[in-house]
Each structure stands twice: as C-alpha cells, then as structure tokens.
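Participant: Dumping the structure here so I can ask a few things about it.
The values are calculated or read from the model by the stated rules, or taken from the named source; none is laboratory data. Everything quoted here is computed from the prediction, not taken from an experiment. Don't worry about glycine lacking a Cβ; one is built from the backbone with ideal geometry, like all the others, and counts go over all protein chains shown.
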Amino acid sequence: MTEVLAVHKMRHFVSTLGPVAIVAAALLALAAGPAAAQGSRATPVGVDAVLSEPLKQTVPVIGRLVARQSGVVAARTGGAVAEIKVTVGDRMKKGEVVAILDRDRVRATRELRATEVAQAEAAIATSKAQFDYVTQEMKRLEGLRRSAAFSQARFEDKRQEVVKAKSATAEKQAALLRARVNLKMADIELRDSEIRAPYAGVVSIRHIEVGAYVGVGQSVITLIDDEHLEIEAAVPAERISGLAPGTPIAFQLVGTSSAEAVVRAVVPEENPLTRTRTVRFTPRFNGDHKYLATNQSVTLHIPAGPTRTVVTVHKDAVLNRSEGALVFVVVNGVARPRPVRLGEAVGGRFEVIDGLKPGEKVVVRGNERLRPGQKVRAGRPS
C-alpha cells in the first residue's frame, strides 16, 4: 500500500512540471551514468558566446536610379544650325560646345552696336565741349556785372544756355548707356550662338540636324548626368517613421554586392492610390557598381519597425530533439544540456526567448555526439 501511494505522488509531481522543466529533469537524470563513463578525458569542441545585440527587421522595397541632373538643353538664341559636334552616346564635359549656329548675322549686329557706342561717345564729347563754352561765356558776363556794359537779359539767356547744354550732355550720356547695353546684348547673342553643355553628362537624344533653324527655347539635345545618381523609391506610408534624413539603408543592384545609401529627403506628398511617399537616397557605390543607368532597378531594405535588443545564439549550437530545442552550455569544462525557447532568425543566429544569458559559452562544433556531463576542451569553431 505504501509503494502505491509513492507512485501516485511521483506521477502527481511530474504532472505539475512544465515542458521545459520535464526536459531538463530528463537530461539531468541521464547525466549520472554517461558522465562517469567519460572519465577524466576532455573532448575538444568549438564554442561560441551568447550575445546581446540589436535586432533590426527590414522589408524589401523596389526603387530606381535617377539622375540629379538630366533634361533638355535648349537654344538661347535663334538661328540656322551650322555645325553639330555631338551624337548620341557622347560623354560631354561642362561647358563643351554642343552645336554652333550661323554667326554672320550676329557678328554684323554686334559691329552695328559697337558703332552706336562709338557714335554716342562722340556725341558726349561734343555736348561737353558746348557745355564748357557756354559756361565760359556766362563767367565772362558775370565779370562785367559792375560795369555799364553788363546786360542782365543777356546774362539770364546765357544761364539758360548753360542749363540746356548740361541737359543735352546728360541725354547723350543716357544714349551712351543704352548703346553699351545693346552692345552687351549683341555679345551675349554671339556667345549663345555656340550652344554649350550646362553640366557634364551623356547625350541620350539629339533633336536637331545641320541646316535646321532653331528658335529661342527649342530643344537641341537631351543630357543625362550619370555620374551623380540617386535612388528614388515609393515607400509605404507606415514605414516612413524609420526614414529620417541621414538614416543609413542597405541596398542592392542585380548582380552586385550589398551597399549602403543614406536618406536624403522624404517628399511630403502621399499618393492616395498606393499610400506611398517618394523618398530620395544618396548611394555610396563600391567597385562592383559599374555601367549604371537611370531607371535601373534597386532593392532597398527598409526598416520594418523600431530596433530592439535581443539575446542570440549561433544556429549551429541548437539541437532539435523530440523534447524540443536544446544547447550544450560549457560550465567549468563540462557540457551541460539546457532546453531553450527560440524566436526569430537573426542572420546566422537565433533569438533566445528563454534559457540562456548573454556571455554564456555554448558548443557549436562537436555537440551532436556530446553526452550530458561530458568533459570538454573549448576551442574556436572551425
């Protein structure tokens, strides 16, 4: 009767234990026999530390490469196209000549404006001479003011002539300024008859041919600056909170290694159909990124949520048994089995929800044949 009561008490005690405790109790029960069989001989194993590290979950978002400068280069003045110096695919430097318009008419206009400037300068010289003459006459009349030969009426007339000569000089000076402005405009038109690249880039389209007439603002070529590229992506609005300017983001082009980009700007406009916002990233390309092109697809790894700190264990340390996952922890040179509860994968590691603490050493090589309580000699994992 006493033995029956003891068996019932033991069954009741086991039923009160949780799954993890049952596994631990079973492993400790097995430790007694095999440990003694091993003797003092230590088995070499590879170990790794349990870490506490930040967990950053990401979601892939497809973006594209865009040029910071691209568009149509237009003519600033009108005229017939005399020469074209580029074709599609040519790489141009800033300020390099794209095309030349017929310059004969512009040169003639420039010479005419230069003549008008010379004429205005001569008119000013004549006006100043006249002003000096009437001023001198008025001073002579003023010197005769106390004599009987002085005429007040003549003096007043001369004073008016001085005012008139002064006004004429000012008028000629204004005409000179106008002539110089016209000359400057002619110089600008002559300069603009050579159409130049406003920035460095590659010619993607040529809109004109020799002999065609172009007007002001007409398209000449389309230029793409492929040396200063950005990444543009339509990011879901719920992910924008993790994309403050300056945030580093990993990205990858097809056939290349992963690289890093930095958030430059989030455009404050949301697409009501897709609930996305445009985000611009400044990429940091490495040596693998060659032959880049605008509109090339890019895969960005956008943060899915806030970063949190988790305890992780190396994936090779985890043994999947029928009782659940367990690892061997090295304590004072002895391998001790310990059940663990795992969470999400973090690269080549697993998040540990329960069972391990940061800094503990776990066996990652040679753990398949270990027995509970076996002596081990820790080394680096191969």
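Participant: Of everything in region 268-292, what is loosely packed, with under 12 Cβ neighbours inside 10 Å and hydrophobic (A, V, I, L, M, F, W, C)? Give them in sequence order.
Facilitator: L273
Participant: With the requirement that a residue be in contact (Cβ under 8 Å) with a residue 24 or more places away in the chain and either surrounded by 16 or more Cβ atoms within 10 Å (Cβ to Cβ) or small (G, A, S) (or both), what does region 104-120 give you?
Facilitator: Across region 104-120, the qualifying residues are V106, T109, R110, R113, A114, E116, V117, A120.
Participant: Counting only residues that are over 30 Å from D187 (Cβ atoms) and either among the basic types (K, R) or outside any helix (DSSP H, G or I) (or both), how many does region 115-174 have?
Facilitator: Residues flagged as over 30 Å from D187 (Cβ atoms) and either among the basic types (K, R) or outside any helix (DSSP H, G or I) (or both) within region 115-174 amount to 15.
Participant: Does at least one position in region 174-182 carry a residue that is of a type in the set (S, T, N, Q), over 30 Å from R68 (Cα atoms) and at pLDDT 90 or above?
Facilitator: Among the residues of region 174-182, at least one is of a type in the set (S, T, N, Q), over 30 Å from R68 (Cα atoms) and at pLDDT 90 or above, which makes the answer yes.
Participant: In region 285-344, what residues are β-branched (V, I, T) and under 27 Å from T256 (Cβ atoms)?
Facilitator: Scanning region 285-344 gives T294, V298, T299, I302, T307.
Participant: Could you please give the count of residues in region 309-323 that are modelled with pLDDT of 90 or more and out of contact with any Gly (no Cβ under 8 Å at 6 or more places or on another chain)?
Facilitator: Qualifying residue count for the region: 8.
Participant: Tell me which strands (runs of 3 or more DSSP E) are completely within region 269-344 and hold 3 or more residues being over 25 Å from G373 (Cβ atoms) and touching a strand residue (DSSP E or B) at 6+ places or on another chain (Cβ under 9 Å), or say none if there are none.
Facilitator: Answer list for region 269-344: 276-284, 297-303, 308-314.
Participant: Residues of region 253-263 being in a strand (DSSP E or B) and surrounded by fewer than 16 Cβ atoms within 10 Å (Cβ to Cβ), which ones?
Facilitator: E260, V262
Participant: Now a separate question. Taking the condition at pLDDT 95 or above and surrounded by fewer than 16 Cβ atoms within 10 Å (Cβ to Cβ), does V329 pass?
Facilitator: no
Participant: So, one more: Among the residues of region 293-308, which ones are modelled with pLDDT of 90 or more, out of contact with any Gly (no Cβ under 8 Å at 6 or more places or on another chain) and exposed (fewer than 14 other Cβ atoms within 10 Å of the Cβ)?
Facilitator: A293, N295
Participant: Search region 309-323 for residues being crowded, with 16+ Cβ neighbours inside 10 Å and farther than 8 Å from F350 by Cα, and hand back the single one that is nearest to the chain's Cα centre (by Cα).
Facilitator: For region 309-323, the residue satisfying everything is V310.
Participant: Okay, next question. Take L190 and decide whether it is part of a helix (DSSP H, G or I), under 22 Å from D102 (Cβ atoms) and touching a residue at least 24 places away in the same chain (Cβ under 8 Å).
Facilitator: yes
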